[in-house]
Each structure stands twice: as structure tokens, then as C-alpha cells.
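Quick notes on the structure that follows.
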Amino acid sequence: MRLLQRKTLRIAFQVLGAVLFIVILTRVDLRTVYHSLRRIPVVYLGATLLILVVFTASKSVRWNRIVSLQGFQVPPARAFRVYAASMFAGYLTPGRLGDFVKSFYLTGRGMSAGKAIYSSFLDRVFDLLFLAGIGYVSLLTYPSIFDNQTLITTVIAATAAVCALALFRWRNLLRKTARRFVSAALRGRSGGTVERVLSEMMSEFDTLRPAPVAQMIALSIVAWICHYGVFIVLAAGMGIGAPPHLLIVSVSAAIFTALIPVSISGLGTRDLVLILIFERAGLSKESAIAFSLCFILVYIIQGFIGFLCWLAAPISRAEENGRAV
């Protein structure tokens, strides 16, 4: 009964997000939005595709580095296909839970559930830390979106940093935090109890070493430069007169909104957040919606790449246990 209630609530939120999106569209000039999107030159779209390939490649190499520290080997080309396919699945699921399919790929090749989920967990941790850091710095350099912005964001950032240090200092706290993550990853899958998977997952943190972590940080920098670069390129192509700092803040806010599992890929909620940020900066609702639709455009391009990779390397429980992937 409780599971049914959760599913009903999740569906209700997704419907609410779609309704919110429709309501927002009725309150903007859709012709202006359409002309903004139509204005994007073909060369900008080509640059977007190229940047997204580099973005995916950087993140796949980082994930592959995590997996190699765990004693598994994934050929680079296969790692790219698996990672791109997991991103395709992530775009279709609330909270990007579809990202876990790369863990299912590893369990199908003989890795235990805890170790496989750890690779996705750490991969997401790197992204969230960089996303939060970039968003915070951009807010400091563009301090006019909301009142007392510098003070409020600094307090939030300091609190988050203290909480993060506490989590890694006391593993029991980290275990409790990761419990929900693991429960979501195991939904509908066998592989042992949550407690056993958590124990395996926590033990994998001991595989981290300074040199590999430095490599992962470098790859994260490349990936996020590409990610923000895509939206700066598209905004320039549409002629949106927003400075890079504002675009970076907007992208960070939009991504965090999409991670909240109340709508599919942030539909509706992302648009509302971007309208609030753009209007505060003196830009029109139409510019905000056009920029928001760029996320859907990016998801379509990235999703198409991932879909092709899914066809080339479907995530299945292959019978290759104990061998290199």
C-alpha cells in the first residue's frame, strides 16, 4: 500500500510539473520564443553536438577510472557507450535515477551490487560538488539575483561544507545518507539486502588515492566546462543578452531543479526557476523559456547519442561474470 501511495504521489507531481509547464507557455509570447530558437545558426548546433561528445567522453573516462580502481577493466569505447546509454536513461527518469543502469551493467559482468552502485554514487558526488562549487562562485560574481545573495549563499555553502565533512568523518552518517540512494538503485532488482549493499559500498571508499582523485577532478573540470559551454553557445546563438555569469547561475539552478524527483527532467519547475532568475536580471519571460527549451534540445541531442549507444551496447545482465567488461 505504501509503495502504491509513493507511486501515486510521484505521478501526481509529474503531472503537476507538466501542467505548470503548460500554464507558463500560455503566459508568454510563443512566437518570440519560436523565433529565438529558430535564430540558432546550424554551426552553433554542430558545435553543441561536438561539445556534448567531449562532455560524455570526459565523464565516461572518469567513471571508468573509478571502476578500474575497483579492479574491473572496461574498454574505453565500451565505457563511452555504457555511460552515454545511462545518460539517455537518466533523462527519462525522475531525479536522473536512470543513471544507475551503468551499475546494472557492472553487476551483469560479475561485480557485486554494492561495488557497482558505489561507482555511480561517487560519479554523482563529483558532479554535485562541482555543480555546487561553480554555482556558488557564479553567484558571488553576479550578486544581484536576490536580496542578501552573498550572505545567504555563503551561509548555505558553509553549512553544506560542514555537513559534507561530517559525513565523510563519521561513516555512520554517510551510511544513513546513502541508504536512500541505494534503495532507489535497487528498486525492482535483486542483489541482496540494502544493509549488505551499503557495507560493500562504504568499503569501496578505501580504494580512493590522491593521484586518481586528482585525475577525476581534472576530468570533472573538462566535463563541466563543456556542459556550461554548450548553454553559453546556444544562448549566444539565440541572441539572449545574458552575461556568462547569469547563464552559469541559471544552468546550475536548472540542474539542481531537475534532480528533485518531482518532475521529468525538471519540466515546469525548471522553467519557473529560470523565469524568476531572468526577470530579476531584467530579461524577459520569453528569453527564459527559450533558454529553458535549450535544455530539452540538449537532452534530445544527448539522448539521441545515448539511444544509439544503447542499441550498440544494451544494458543487460550478460553472462560474462568474472571477466573483463
Problem - Length added when fully stretched, Val155-Arg38, from 0.36 nm per residue minus Cα-Cα - result: 38.0 nm
Problem - Along principal axes, Cα extents of the stretch 215-285, largest first, whole Å - result: 40, 31, 18
Practice task
Rounded to the nearest 0.05, what FRET efficiency do Leu45 and Leu140 give with R0 = 25 Å and r taken as the Cβ-Cβ distance? Could you check?
Solution key: 0.20
Completion exercise
Scalar couplings 3J(HN,Hα) for the stretch 74-90 by Karplus 6.51 cos²θ - 1.76 cosθ + 1.60 (θ = phi - 60°), nearest whole Hz, x for Gly and Pro, are 10, x, x, 5, 5, 4, 4, 5, 5, 5, 4, 5, 5, 5, 4, 5, x
Practice task
Report ³J(HN,Hα) in whole Hz for each residue of the stretch 116-129, in order, from the Karplus equation J = 6.51 cos²θ - 1.76 cosθ + 1.60 where θ = phi - 60°; Gly and Pro get x.
Solution key: 5, 5, 4, 4, 6, 4, 5, 4, 6, 4, 4, 5, 5, 5
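Readers should treat all values here as calculations from the given coordinates under stated rules, not as data from a laboratory. The model shown is predicted, which means the values in this text are computed figures rather than measured ones. Positions of Cβ are backbone-derived with ideal geometry, glycine not excepted, and every protein chain shown enters the neighbour counts.
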